[in-house]
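The values are calculated or read from the model by the stated rules, or taken from the named source; none is laboratory data. Source: prediction; values computed, not measured. Because the Cβ atoms are built from the backbone with ideal geometry, glycine has one as well, and the counts that use them run over all protein chains shown. We work out accessible area using only protein heavy atoms, side chains counted, and drop any ligands, DNA or RNA first. Shrake-Rupley method; radii C 1.70, N 1.55, O 1.52, S 1.80 Å.
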Amino acid sequence: MSRWSERPPEEQRLLNPSFCSLLLWYSARAHAEARRGRIGIAFEECFLVLPMVLHREIRESLPTRTTTSLAVWLGRNPLAPSTIADRARSLVPFTKEALQFAGAYGLLQFNETLIHANPEWRRRVASALEDSSEEVRSCAKRAEFVGKWFAKTGNAETILSLLGVQP
């Protein structure tokens, strides 16, 4: 990764570790809530959150309810797996950077292969979104959805397999 000051302005705004960490926090929190707090989001699943949430077409095509299974959604959106897989590969460095940032500041907590949202950050995360644009709030809402959806879909291997992504 290049130095922060040398990155293009679009990358500085959209892919900065603070914003990406916030999206991962929402996914991890929603995942745990969907599983009644018993399990965090799998490390591998975190690498799918940003590609699904930051890409406008994918984000807007996501279902509104978790009752629509991932398999059904993929059947309705046959190009989604290749788009997500390509974007996942290109966003690996940014996801890693966001995970490091979140870990350093305590936003996310790591336990073996699982990632947990630190509940102490709930107010600060909500406050960060108050003055944000509608698009930023939409990304956070969809990140939350993806976390719930993944929790209801099954384990990380199933999700990765359905999307055609290899760890």
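With r as the distance between the Cβ atoms of Glu10 and Ser132 and R0 = 25 Å, compute the FRET efficiency 1/(1 + (r/R0)^6) and round to 0.05. Walk me through the numbers before you get to the answer.
Details: r = 17 Å, r/R0 = 0.68.
So the FRET efficiency works out to roughly 0.90.
What does the extension gain come out to for Ser69 and Arg89, with contour length at 0.36 nm per residue minus their alpha carbon separation? If you can, show how the numbers build up before the last one.
Working: separation 20, 0.36 × 20 = 7.20 nm, distance 2.37 nm.
Extra length from Ser69 to Arg89 when fully extended: 4.8 nm.
What ³J(HN,Hα) values, in whole Hz, does the Karplus curve 6.51 cos²θ - 1.76 cosθ + 1.60 give for the stretch 155-167 when θ = phi - 60°, with x put for Gly and Pro?
7, 4, 4, 5, 5, 4, 5, 4, 8, x, 10, 10, x
Using the Kirkwood radius over C-alpha pairs as Rh, can you work out the diffusion coefficient of the stretch 1-92 via Stokes-Einstein at 20 °C, viscosity 1.002 mPa s, in µm² per second? Don't skip to the answer; put the middle values down first.
Details: Rh = 14.6 Å.
The estimated diffusion coefficient comes to 146 µm²/s.
Share of the stretch 22-86's accessible area from carbon and sulfur, percent, 1.4 Å?
On the way: 1470 of 2950 Å².
Reported share for carbon and sulfur atoms: 50 percent.
At 1.4 Å probe size, put Phe150, Phe19, Phe110 in order of accessible surface, largest to smallest. Don't jump to the answer; show the numbers that get you there.
On the way: Phe150 0, Phe19 25, Phe110 105 Å².
Ranking Phe150, Phe19, Phe110 by accessible area, largest first, yields Phe110, Phe19, Phe150.
Taking only the alpha-carbon positions of the stretch 34-167 and ignoring solvent, what does the Debye formula give for the base-10 log of I(q)/I(0) at q = 0.21 Å⁻¹?
Cα-only, vacuum Debye calculation for the stretch 34-167: -1.53.
Suppose the chain between Arg35 and Glu112 were pulled fully straight at 0.36 nm per residue; how much longer would it get relative to their current alpha carbon spacing?
Values: separation 77, 0.36 × 77 = 27.72 nm, distance 1.78 nm.
Between Arg35 and Glu112, full extension yields an extra 25.9 nm.
When the chain is fully extended, how far beyond the present Cα-Cα distance does Tyr105 get from Gln166, taking 0.36 nm per residue of separation?
Numbers: separation 61, 0.36 × 61 = 21.96 nm, distance 2.90 nm.
19.1 nm is the gain from fully extending Tyr105 to Gln166.
Between the alpha-carbon centers of the stretch 47-71 and the stretch 107-167, tell me the distance in whole angstrom.
11 Å
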